[in-house]
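Below is one structure; the comments refer to it alone.
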Amino acid sequence: MILISILFYSYIICILAFIIGYDKIKEFKKTSSSEKTTFSVVIPFRNEARNLPQILKSISQLNYSNELVEYIFVDDDSTDNSVEIINSHFERSREVLSLDSARPDICVLKNTRTSNSPKKDAISTALKRSKNNWIITTDADCLLPEMWLKTIDTFIQHNNCNMIVAPVSYVVDSTFLHQFQELDFMSLQATTTASFGLGVPFLSNGANFAYKKDVFEKVQGFEGNNSIASGDDVFLLEKFLQFDKKSVQYIKSKNVIVKTFPVNSFSDLIEQRVRWASKTSNYNLATGKLIGVIVLAGNLIMVISPFLTLLKIMALKTFISVFLLKLFFDYLLIERGAIFENKKIKFTTYLISSIVYPYFTLFIFLKSMFGRYQWKERTFKM
């Protein structure tokens with residue numbers, strides 16, 4: 001019981017530290033009238049015919065000079081009509097698509113596979129073609145806010161940075177599956193923000209991720225971790241932190257929140273979370289590993305506590321206290337993310353999710369240690 005107490009209070013202290021760290025990051029609200037930064041926006045895709053019209057529409061609505069930005073779509077061996085959708089959209093919009101054009105700001109490239117990571121290969125393919133130093137990556141199933149590039153440009157003008165980590169949010173329906181994923185994702189996003197506030201960043205999301213191409217080349221890009229299918233964001237974050245920690249910054253602005261969508265089946269959720277978990281064992285940052293162990297331990301305690309109570313090893317009032325303490329502190333962190341995203345937490349959904357989540361986390365952890373996972377109709381080994 002002493003070990004359980006130590007691990008549990010370590011978890012509570014960790015969450016409390018995240019709450020303090022989150023509050024240290026102030027919201028960035030500036031927007032400059034003069035646009036200066038040139039961007040290359042990289043969008044890898046594979047069989048995204050259903051989602052592409054949405055991101056193409058949001059690109060058309062971005063408030064930023066076309067002369068300062070290029071959009072590079074990288075086709076990762078799609079078998080549907082994704083490429084045709086991109087072509088037809090910009091033909092209708094009278095946008096330039098051909099690489100033979102004098103000054104293209106939009107192009108579609110074929111992914112050049114060189115490793116076990118199709119997405120890292122796609123980004124590397126785009127960077128070889130890109131003409132601008134500032135690279136921004138996002139995904140084909142995302143929605144980009146109108147002031148996205150203008151706000152990031154302003155942030156760059158006001159800060160000395162080589163890399164910018166930015167927020168991502170889910171667009172959900174009323175089903176429990178979607179609501180469960182949203183709570184989980186908001187906690188990840190809040191933790192990302194908090195880690196920067198504490199000065200120990202260890203998370204990022206490739207759906208909203210900006211960095212300088214010349215520094216990418218100096219740190220040798222994805223070399224050293226391109227055998228791992230996922231992790232195009234966190235492993236690159238680690239390299240930039242080692243290169244110059246102070247130049248890696250977080251932008252907390254509602255104007256740059258990129259929106260994406262949760263999966264629609266429990267089986268897809270398991271595959272997604274196993275993919276996310278599969279890269280954690282390869283983290284180089286001790287902070288990320290330590291926090292991962294503490295969070296896992298906190299959830300493991302919630303799994304075993306009911307059984308310890310039934311066996312009368314743990315008193316009922318102790319179990320109730322442990323559950324309520326975790327429920328309270330988790331809520332304080334997630335609530336901050338919800339307020340930032342202008343969302344409300346449904347208490348009933350939160351309560352049920354808090355009961356389910358520890359078992360879900362333990363299952364994902366165990367599954368990520370063995371076997372394989374599916375991603376974009378492909379199978380990858382752990």
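The values are calculated or read from the model by the stated rules, or taken from the named source; none is laboratory data. The structure displayed is predicted, hence computed values, not measured ones. As a convention, Cβ positions derive from the backbone with ideal geometry for all residues, glycine included, and neighbour counts pool all protein chains shown.
Taking the stretch 1-41, which residues are of a type outside the set (Phe, Trp, Tyr), outside any loop (DSSP other than H, G, I, E, B) and under 17 Å from residue 156 (Cβ atoms)?
Scanning the stretch 1-41 gives 40, 41.
For the structure I just gave you, tell me whether residue 205 is touching a strand residue (DSSP E or B) at 6+ places or on another chain (Cβ under 7 Å), surrounded by fewer than 18 Cβ atoms within 10 Å (Cβ to Cβ) and farther than 21 Å from residue 107 by Cα.
When the stated conditions are applied, residue 205 does not pass them.
Restrict the check to the stretch 121-131 and report whether at least one residue is within 25 Å of residue 196 (Cβ to Cβ), crowded, with 17+ Cβ neighbours inside 10 Å and of a type outside the set (A, V, I, L, M, F, W, C).
No, the stretch 121-131 has no match at all.
Sort through 255, 282 and tell me the only one that's of a type in the set (S, T, N, Q) and touching a Pro at 6+ places or on another chain (Cβ under 8 Å).
255
Looking only at the stretch 283-292, which residues are surrounded by fewer than 16 Cβ atoms within 10 Å (Cβ to Cβ) and either among the hydrophobic types (A, V, I, L, M, F, W, C) or under 16 Å from residue 236 (Cβ atoms) (or both)?
Scanning the stretch 283-292 gives 284, 286, 290.
Could you say whether any residue in the stretch 23-37 is over 28 Å from residue 336 (Cβ atoms) and touching a strand residue (DSSP E or B) at 6+ places or on another chain (Cβ under 7 Å)?
Yes: the stretch 23-37 contains one or more residues that are over 28 Å from residue 336 (Cβ atoms) and touching a strand residue (DSSP E or B) at 6+ places or on another chain (Cβ under 7 Å).
May I ask you to verify whether residue 22 is modelled with pLDDT of 90 or more, closer than 28 Å to residue 221 by Cβ and either touching a helix residue (DSSP H, G or I) at 6+ places or on another chain (Cβ under 7 Å) or outside the structural domain of residue 259 (by TED's automatic domain parsing) (or both)?
It is false that residue 22 is modelled with pLDDT of 90 or more, closer than 28 Å to residue 221 by Cβ and either touching a helix residue (DSSP H, G or I) at 6+ places or on another chain (Cβ under 7 Å) or outside the structural domain of residue 259 (by TED's automatic domain parsing) (or both).
How about the stretch 101-131: which of its residues are among the β-branched types (Val, Ile, Thr), closer than 29 Å to residue 278 by Cβ and either at pLDDT below 95 or over 23 Å from the mean Cα position of the chain (by Cα) (or both)?
Once the filter is applied, which keeps residues that are among the β-branched types (Val, Ile, Thr), closer than 29 Å to residue 278 by Cβ and either at pLDDT below 95 or over 23 Å from the mean Cα position of the chain (by Cα) (or both), the stretch 101-131 yields 112, 114.
Closer than 30 Å to residue 116 by Cβ, in contact with a strand residue (DSSP E or B) (Cβ under 8 Å, 6 or more places away or on another chain), surrounded by 15 or more Cβ atoms within 10 Å (Cβ to Cβ) and not aromatic (Phe, Trp, Tyr) - does that describe any residue in the stretch 296-305?
No, the stretch 296-305 contains no residue that is closer than 30 Å to residue 116 by Cβ, in contact with a strand residue (DSSP E or B) (Cβ under 8 Å, 6 or more places away or on another chain), surrounded by 15 or more Cβ atoms within 10 Å (Cβ to Cβ) and not aromatic (Phe, Trp, Tyr).
Of the residues that make up the stretch 147-168, is at least one buried (at least 18 other Cβ atoms within 10 Å of the Cβ), polar (S, T, N, Q) and within 30 Å of residue 355 (Cα to Cα)?
Looking through the stretch 147-168, none of the residues is buried (at least 18 other Cβ atoms within 10 Å of the Cβ), polar (S, T, N, Q) and within 30 Å of residue 355 (Cα to Cα).
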